[in-house]
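**Q** I am attaching a structure below and will ask some questions about it afterwards.
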Amino acid sequence: MMEDVPVTVISGYLGAGKSTLVRRILSEEHGMKVLVVENEIGEEMGIEGALVTEGLDRSSVTEFVELPNGCVCCTVKDELTDSLSRVVKMKKFDLVVIEMSGLADPGPVASLFWIDEELELGLRLDGVICLVDARHAGRHLGDPIFMKQVALADLVIVNKVDLASEDEICSLEKDLAALVSPTSRMQRTSMSVCDLREALHLKTMRNDEVCTALAMGRREDLEEGHSHPEGVGSVTLRFTEKAVGFSSDELTRQLGKLVWEQPAGEVWRLKAMVCVGEARERWIFQGVHELFDGEQYGSWDVDKPVVSSFIFIGKNLNRDLLMEHLNASLI
């Protein structure tokens with residue numbers, strides 16, 4: 001059985017450098033066969049090549065251009081997941097990259113690949129990247145789409161740092177830190193130059209990566225979470241071994257309420273590592289947009305303290321109400 005092809009979603013406001021990053025993916029010798037999905041293949045992409053039609057279902061794609069480094073750029077029509085599923089089953093790829101338009105919310109697209117394995121699409125969400133213009137992003141900090149693009153990202157690339165002063169960059173990074181998840185990463189670049197193999201293999205949806213991120217904490221404020229003045233940000237809640245036993249069924253029900261009914265604010269993403277039942281089962285819960293899922297991932301070591309951790313990313317999150325719903329799931 002073939003492994004699912006990882007999908008990376010690239011978002012970012014207009015002029016942030018998304019197309020520059022995509023051009024690098026399509027032109028550099030990085031050793032990966034990447035399928036890049038565009039809204040349209042325009043002249044600004046700098047792509048030259050013949051349309052590849054042999055062996056391809058033309059009902060799935062409107063344009064399909066193969067590059068010398070083995071990567072492919074295409075546009076799709078109809079249902080995105082169905083079209084991509086047909087393409088990746090006809091031609092082997094290491095990775096699928098989807099570039100969003102500058103004014104698009106990446107949440108709905110990311111959630112398309114956070115789906116039931118029984119659908120057998122051959123695709124899975126690997127992570128979300130957001131590019132930010134270091135010089136001009138400050139003027140967009142109050143824009144709902146910009147804030148959601150940043151908040152949903154696993155990796156925030158602060159691009160064009162060569163065009164901004166150190167004070168401007170530091171001030172922007174402080175503002176961005178108030179928007180992103182405590183487990184996300186941030187890095188500086190110029191001309192969208194970064195380690196492509198690292199950036200395009202985030203693996204942030206894998207259970208082992210979630211465990212590592214929640215156990216170690218990648219930011220100093222992991223304990224408390226944070227929020228932007230516009231109400232966008234994260235809330236982190238931890239339960240120590242004095243009160244760790246959760247009911248998996250009840251927790252699933254309560255998380256469903258929080259995600260779908262939004263009694264404690266808009267939940268855009270969630271990550272949790274939870275101790276379930278007296279058997280000390282370790283469960284991982286993850287959610288993207290309106291979808292979430294949980295599954296057992298081993299057990300807690302007997303000689304190590306148990307800490308159940310939850311991270312909610314969204315807008316106008318109410319810590320007390322979130323805690324109230326989680327407390328209702330304790331055994």
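**Q** Pick from LEU270, LEU258: which is of a type in the set (A, V, I, L, M, F, W, C) and either at positive phi or not in a strand (DSSP E or B) (or both)?
**A** Values: LEU270 fails: either at positive phi or not in a strand (DSSP E or B) (or both).
Being of a type in the set (A, V, I, L, M, F, W, C) and either at positive phi or not in a strand (DSSP E or B) (or both) holds for just one of LEU270, LEU258, which is LEU258.
**Q** Right, another one. Only helices (runs of 4 or more DSSP H) wholly contained in the stretch 128-211 count here; list those with 1 or more residues that are among the aromatic types (Phe, Trp, Tyr). Write out each step before concluding.
**A** Working: elements: 144-151, 166-177, 196-199.
Per the criteria, 144-151.
**Q** Turning to a different aspect of this structure: What's the number of the only condition in (1) farther than 26 Å from VAL150 by Cα; (2) free of Cβ contacts under 8 Å to residues at least 12 places away in the same chain that TRP283 fails to meet?
**A** Among (1) farther than 26 Å from VAL150 by Cα; (2) free of Cβ contacts under 8 Å to residues at least 12 places away in the same chain, the lone unmet condition for TRP283 is (2).
**Q** Listed residues ALA104, ALA110; which is part of a loop (DSSP other than H, G, I, E, B) and either in contact with a Leu (Cβ under 6 Å, 6 or more places away or on another chain) or in contact (Cβ under 8 Å) with a residue 40 or more places away in the chain (or both)?
**A** Working: ALA110 fails: part of a loop (DSSP other than H, G, I, E, B).
Selected residue: ALA104, the only one of ALA104, ALA110 that is part of a loop (DSSP other than H, G, I, E, B) and either in contact with a Leu (Cβ under 6 Å, 6 or more places away or on another chain) or in contact (Cβ under 8 Å) with a residue 40 or more places away in the chain (or both).
**Q** Can you pull out the residues in the stretch 1-19 that are touching a residue at least 60 places away in the same chain (Cβ under 8 Å) and over 16 Å from ARG197 (Cα atoms)? So that I can check it myself, show each step before the final result.
**A** Residues of the stretch 1-19 that are touching a residue at least 60 places away in the same chain (Cβ under 8 Å), as a first pass: 2, 4-19.
Hits for the stretch 1-19 are MET2, ASP4, SER11, GLY12, TYR13, LEU14, GLY15, ALA16, GLY17, LYS18, SER19.
**Q** Which condition number in (1) modelled with pLDDT of 90 or more; (2) part of a helix (DSSP H, G or I) is the one that VAL88 fails?
**A** Checking VAL88 against (1) modelled with pLDDT of 90 or more; (2) part of a helix (DSSP H, G or I), the one that fails is (1).
**Q** Across the stretch 269-302, which residue is surrounded by the most Cβ atoms within 10 Å (Cβ to Cβ) among those that are basic (Lys, Arg) and touching a helix residue (DSSP H, G or I) at 6+ places or on another chain (Cβ under 9 Å)? Don't jump to the end; show me each part of the working.
**A** So in the stretch 269-302, the residues basic (Lys, Arg) come out as 269, 271, 280, 282.
Checking the rest, the ones that are also touching a helix residue (DSSP H, G or I) at 6+ places or on another chain (Cβ under 9 Å) come to 269, 271, 282.
Working: ARG269: 27, LYS271: 25, ARG282: 18.
Only one residue fits best here, namely ARG269.
The values are calculated or read from the model by the stated rules, or taken from the named source; none is laboratory data. What you are looking at is a predicted structure, and each value in this text was computed from that prediction instead of being measured. Using ideal geometry, Cβ is built from the backbone for each residue, glycine included, and neighbour counts are taken over all protein chains shown.
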